[in-house]
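One structure below.
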Amino acid sequence: MKKWRAGSGALAVAAVAAVLAVTTAVPAGAITGDYVKDTEHPFVGLIVFYGPDGGFHHRCSGSLLTPTVFLTAGHCTAGVSSARVYFQQDAGVDWSPETGTDPDTGYPGACAEGTLGTQCATSHKMYNYGYTSMDAVPETKDAGLVILDQPIVLSEYGRLAAAGTLDALATRRGQQETTFTSSGFGISAAGPAAGETSFRERLMAQSKLTNLNSASTDGYNVQTNGNGNGLGGTCTADSGGPLFYGTAESNIITGITSFNHNRYCKGTNFSYRTDRQEVIDWIRATTGSEFGRIDFAPAP
């Protein structure tokens with residue numbers, strides 16, 4: 001359920017880190033490379049998952065689609081019992097190893113006083129599209145939903161791309177000029193010498209389309225390339241975060257940060273496509289009447 005996300009400007013998607021070979025798919029992590037603070041997407045949150053015993057399990061990122069529907073990765077919702085989401089841009093910046101918490105937000109424990117229902121929410125309803133393991137790449141079914149106990153009212157929510165939005169890019173010439181933006185709370189630097197650096201704050205970075213039809217994508221995933229020349233990527237704990245179609249101002253979600261093939265987040269990034277009709281149908285079936293509140297962007 002854990003992947004490492006690549007890139008020196010990458011988003012941290014999966015929170016817990018299994019040490020996997022660089023040739024395998026590993027859960028993504030933090031935004032790395034050429035990244036900036038993300039104040040554009042207040043609906044992107046840092047989600048902490050807890051096990052059956054109530055203890056901290058791992059963290060991921062995700063996007064609020066309505067006041068109660070939170071979209072994340074399937075490998076994030078697998079094997080957990082409850083969750084808490086923080087929507088502050090600096091959700092865990094002041095986390096202290098001495099106290100084990102952030103005094104301003106409560107991360108990774110109870111919501112700080114005065115933030116429950118406004119900048120923080122709990123959940124006991126988590127759903128998985130059918131994720132089993134990264135061994136199933138490219139068809140990982142890496143989509144998950146978390147239904148919040150307390151609605152979070154914002155001026156803006158994530159918009160889902162219409163079914164088939166990315167299909168035309170699979171064969172279009174000059175596709176490498178297509179820009180995507182990732183957002184998340186993951187690791188911002190990783191390497192054998194430097195170790196891991198995580199600010200636990202919402203960061204974003206731009207990347208370029210690489211492929212929609214490779215052995216690791218095959219129509220299920222979108223492969224983007226970051227790092228250098230103004231680009232960035234994703235890394236551990238960015239898992240579940242959104243892949244926006246366009247530059248930083250876009251709120252159109254075309255994918256969920258899923259995995260990469262490099263444990264130090266230095267390569268390409270793979271996001272599980274949300275513009276596939278089967279995924280949209282699963283979201284509809286899972287959210288019921290709340291599905292009508294989800295905004296869809298028309299295909300370009």
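Where both partners of a DSSP beta bridge lie in the stretch 31-153, what percent of those bridges are antiparallel, to the nearest 5? Working shown, then result.
On the way: 28 of 29 bridges.
Counting DSSP beta bridges with both partners in the stretch 31-153, the antiparallel share is about 95 percent.
Take peptides 83-96, 240-253 and line them up by average Cβ neighbours within 10 Å, highest first, as a rough protection proxy.
Values: 83-96: 21.1, 240-253: 24.6.
Final packing ranking: 240-253, 83-96.
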### Query
What Rg and what Dmax come out for the stretch 96-145 when only alpha-carbon atoms are used, in angstroms?
16.3, 43
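Any read-out appearing in this document is the output of simple, stated calculations on the displayed coordinates, not a laboratory observation. Computed from a predicted structure; not experimentally measured. With ideal geometry, Cβ positions are generated from the backbone for all residues, glycine too; neighbour counts draw on all protein chains shown.
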